[in-house]
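Quick note: the coordinates plus some simple rules give every number you see, no bench work behind them. What you are looking at is a predicted structure, and each value in this text was computed from that prediction instead of being measured. All Cβ positions, glycine included, derive from the backbone under ideal geometry; neighbour counts span all protein chains shown.
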Amino acid sequence: MKFEDRVVVVTGSTRGIGREIAHAFAREGAAAIILGRSAAAAAEVRDEFVRKGLKAESFGCDVTNPENVHEIVNKILDKYKSIDILVNNAGITKDNLLLRMSVNDWDEVMNVNLKGVFNCTRIIAKAMLKAAAKGASGRIINISSIIGIMGNVGQSNYAASKAGIIGFTKAVARELAPRQITVNAVAPGYIQTDMTARLKEDTRNAILNNVPLGRLGTATDVASVCLFLASPEADYITGQTLCVDGGMAI
Ligand code: NDP
């Protein structure tokens, strides 16, 4: 039980990668706080974890709304007193070629993927800094994407938001390092989730041709790296982006 008595907040954990990250931490003894826009979907995940004997709590929380994030963080702190680990995972895609991309699609993706990370980190870092004064060492993990490193046709909004996360990670890592709070990013490649289930078969095959390890990733591949970055073994790692991509970005 590597994370017994730790509290982990995972944004966008009602399904996909976020759900698996929350599950992996809960299996290691953490209290997993499940967040998603839909309170009902978050409660379903919580109930499923609790039925398995794991510690979990859930809230409806839209990461684009700072007042909503503030309210939910206060509720979490009232009950659990601290937040030890934040995983900024909530993300969306609204793909289109640049000339066809609407301003709305640009704004929506930037709002969820980048401003959402700012909203949650700003509010939760404040609580982590208070706890750091009493010796705690917070962990912040931001889910970027190899698209933020390599770019991709039809994903200028998504690539910009995910590259933004990498810059944000480096800046905040420098700001919080004096208090022993580490901030790192994980850049998954193509992972089997609802987000990639929409891909056409030929697109999927084309992607596989570019993955040296020859398979799509799983949510577990990403979750295990988050566990590592939150563990004492990663105490001396901050400001980094770890690619979990089967070698795609080599
Ligand atoms: P899914 O679409 O399966 O899940 C996205 C999650 O984000 C859901 O829980 C959704 O819940 C939540 N979410 C969306 N908008 C908001 C919002 N405004 N506020 C709070 N929660 C929100 O995505 P994946 O699991 O595939 O992706 C998870 C993360 O990993 C994303 O950041 C994605 O960009 C990144 N990633 C994914 C890759 C992949 O191949 N799948 C590759 C690289 C990176 P709800 O709808 O209830 O709000």
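Miscellaneous remarks
- Computed [θ] at 222 nm, helices only, for the chain once each DSSP H run of length n ≥ 4 contributes -39500 (n - 2.57): -14000 deg cm²/dmol
- Between the stretch 197-230 and the stretch 147-189, the Cα center-to-center distance that results, in Å: 18 Å
- Remark: the chain is approximated by an ellipsoid whose semi-axes, taken from the C-alpha gyration tensor as √(5λ), come to 28, 19, 19 Å, largest first.
- The lysines within cross-link reach of LYS52, meaning a Cα-to-Cα straight distance under 16 Å and a gap of 8 or more places when in the same chain, come to none at all.
- Point-to-point label distance, MET1-LYS126, nm (Cα→Cβ direction, 7 Å offset): 3.2 nm
- Of ALA163, ALA171, ALA230, the one that fluctuates the most in a GNM where the chain has Cα springs shorter than 10 Å: ALA171
- Förster-model FRET efficiency, 30 Å R0, PHE118 and SER82, C-beta, rounded to 0.05: 0.90
- With 18 Å as the limit on Cα-Cα distance, the pairs of LYS2/LYS75; LYS79/LYS130; LYS2/LYS162; LYS94/LYS170 that go past it are LYS2/LYS75; LYS2/LYS162; LYS94/LYS170.
- Square roots of 5 times each gyration tensor eigenvalue, C-alpha, the stretch 15-142, largest first, Å: 27, 19, 13
- Most fluctuating residue given options VAL45, VAL153, VAL225, as computed from a GNM of the chain linking Cα atoms under 10 Å: VAL153
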